[in-house]
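Okay, so here's the structure we're looking at.
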Amino acid sequence: MKKVVVHSPGTVANLVCGFDILGLALSEPYDIMEVTLIDEPKVTIQNLDTFNLPVEPEKNVAGVVLISVMEKLNNQFGFDVRIEKHIKPGSGIGSSAASAAGAAVAANQLLGNIFSKAEMVQFAMNGEKLASGVKHADNIAPCIYGGISLIRSIHPLDIISIPAPELFVTVVHPQIEVRTSDARQILKQQVPLKDAIRQWGNIAGLVIGFLKNDFDLIGRSLEDVIIEPVRSILIPGFDELKSSCKEAGALGGGISGSGPSVFMLSKTYETALAVAAVMNNIYYRLGIDKNTYVTNINPLGVSIQSK
Ligand code: HSE
């Protein structure tokens, strides 16, 4: 029997100003998935963690991705999956995307690398649809491509990898759950033109900042006048967190994906550690449990550990 083990990383979607179109892969945390190719056309799932996610394949993010792969190839085989999640569901750091992208990459490896990265993103988006009700690729794309991704369009799929300087990422995950579907439902459907102008100025600035290693431009462009004012009310201490992290030296940051995690980018590891201390102090004072990660941008995305 053919078997593969993959590490599938967390991701930060939106990168503040780029709702649904920008995302980056993290080195930590990551899920571990062991996928075996089997003769029977079915998917079986075993969870090796305590999150109690569904094991019925059609209700499980990895399951629906593998079903879509099987259907594409006329149901000639199936998959056994063992998942050890370390990225908590509802954290805002791409938990569902990690399961979906990990499943797609593992299946592709087992089938002899027959799919392109873009095709794997297409399969994996079925998992995002199940998790959040919408196909968006700003977690899936960086999870599969690594680094920073721009999703210029999903119909048709057009993904561009953005070169960037080395950056350190601090993420704090206050232990409250925000469902992406809920965090999408509260958004306004109309955007005033003046806000749109400011937002696309920031997106262009952020992308050019990455390309030119211009840290000040990156910092100035990490501003969101459309989504953050609505969603930040779901995150305790958000305004204080943001201003205190910048005082500690962070270039900038904001809500990670749909929250409740908050991320900050820093130029050095030392600053990223100082930012983590600030985050920890604020949540300690607020009496809210949290997990904090100090990590960097993962250039590879999902990685094959063993075959
Ligand atoms: N772009 C998506 C959102 C990411 O913000 O709803 C969800 O992780």
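Against the criterion of being under 18 Å from Asn296 (Cα atoms) and in contact with a helix residue (DSSP H, G or I) (Cβ under 8 Å, 6 or more places away or on another chain), Ile162 qualifies. Of all the numbered requirements in (1) more than 20 Å from Ala164 (Cα to Cα); (2) open to solvent by 30 Å² or more (accessible area, probe 1.4 Å); (3) in contact (Cβ under 8 Å) with a residue 24 or more places away in the chain, Arg231 misses one, and that requirement is (2).
Has segment 160-167 got at least one residue that is modelled with pLDDT of 95 or more and crowded, with 21+ Cβ neighbours inside 10 Å? No, because not a single residue in segment 160-167 is modelled with pLDDT of 95 or more and crowded, with 21+ Cβ neighbours inside 10 Å.
Restricting Lys42, Lys85, Lys59 to residues that are of a type in the set (Lys, Arg) and touching a Ser or Thr at 6+ places or on another chain (Cβ under 9 Å) narrows the list to Lys85. Consider segment 8-38 and keep the residues that are acidic (Asp, Glu) and closer than 19 Å to Ala103 by Cβ. The one that is least open to solvent (accessible area, probe 1.4 Å) is Asp31. Considering segment 54-75, and only residues there that are surrounded by fewer than 22 Cβ atoms within 10 Å (Cβ to Cβ) and touching a residue at least 40 places away in the same chain (Cβ under 8 Å), the residue that is farthest from Lys85 (Cα to Cα) turns out to be Lys72.
The rows are residues; the columns are (1) farther than 30 Å from Trp200 by Cα; (2) away from the ligand (no atom under 16 Å from the Cβ); (3) part of a strand (DSSP E or B).
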| residue | (1), (2), (3) |
| --- | --- |
| Cys17 | no, no, no |
| Thr44 | yes, yes, yes |
| Phe51 | yes, yes, no |
| Val55 | yes, yes, no |
| Ser68 | yes, yes, no |
| Asn74 | yes, yes, no |
| Ala97 | no, no, no |
| Ala104 | yes, yes, no |
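The values are calculated or read from the model by the stated rules, or taken from the named source; none is laboratory data. These figures come from a predicted structure and were not determined experimentally. In this analysis, Cβ positions are derived from the backbone assuming ideal geometry, glycine residues included, and neighbour counts consider all displayed protein chains. Keep in mind that these areas ignore ligands, DNA and RNA; they rest on the heavy atoms of the full protein, side chains included. Shrake-Rupley method; radii C 1.70, N 1.55, O 1.52, S 1.80 Å.
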